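Input: a single structure, listed below in structure tokens.
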Amino acid sequence: MILTGYVGQFFERTSLTQLLLWGAISTVFYVGLLAVVWREIGAALPQMPPAAAQWMRWIRIWFVVTWSLY
């Protein structure tokens, strides 16, 4: 994800098509990473005490929102 983002930045002034292509490739990796994190946190929720699971649900949402804003 990071590597493809760096590759794409080299095209930001020369080729909009290349910039968008590398941006799309980076986005695929980013969405995949978010999906894995969402799934793994979700898989851990049933093993947690109820109070901790409730906090972790909020942390999971906060994580996705803040990473998406970044």
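Of the residues 22, 62, only one is part of a helix (DSSP H, G or I), of a type in the set (Phe, Trp, Tyr), open to solvent by 60 Å² or more (accessible area, probe 1.4 Å) and in contact with a Ser or Thr (Cβ under 7 Å, 6 or more places away or on another chain); which?
Numbers: 62 fails: in contact with a Ser or Thr (Cβ under 7 Å, 6 or more places away or on another chain).
Every option except 22 fails the conditions.
Matching residues to (1) without any contact (Cβ under 8 Å) to a residue 40 or more places away in the chain; (2) surrounded by 12 or more Cβ atoms within 10 Å (Cβ to Cβ); (3) among the aromatic types (Phe, Trp, Tyr):
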| site | (1), (2), (3) |
| --- | --- |
| 17 | yes, no, no |
| 26 | yes, yes, no |
| 30 | yes, yes, yes |
| 36 | yes, no, no |
| 39 | yes, no, no |
| 49 | yes, no, no |
| 57 | yes, yes, no |
| 68 | yes, no, no |
Query raised in the report: Counting only residues that are open to solvent by 100 Å² or more (accessible area, probe 1.4 Å) and polar (S, T, N, Q), how many does the range 5-15 have?
Result: 1
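The values are calculated or read from the model by the stated rules, or taken from the named source; none is laboratory data. Source: prediction; values computed, not measured. A quick note on method: Cβ atoms are made from the backbone with ideal geometry, for glycine too, and the neighbour counts reach across all protein chains shown. When the accessible area is computed, the model is the full protein with side chains, heavy atoms only, and any ligands, DNA or RNA have been set aside. Shrake-Rupley method; radii C 1.70, N 1.55, O 1.52, S 1.80 Å.
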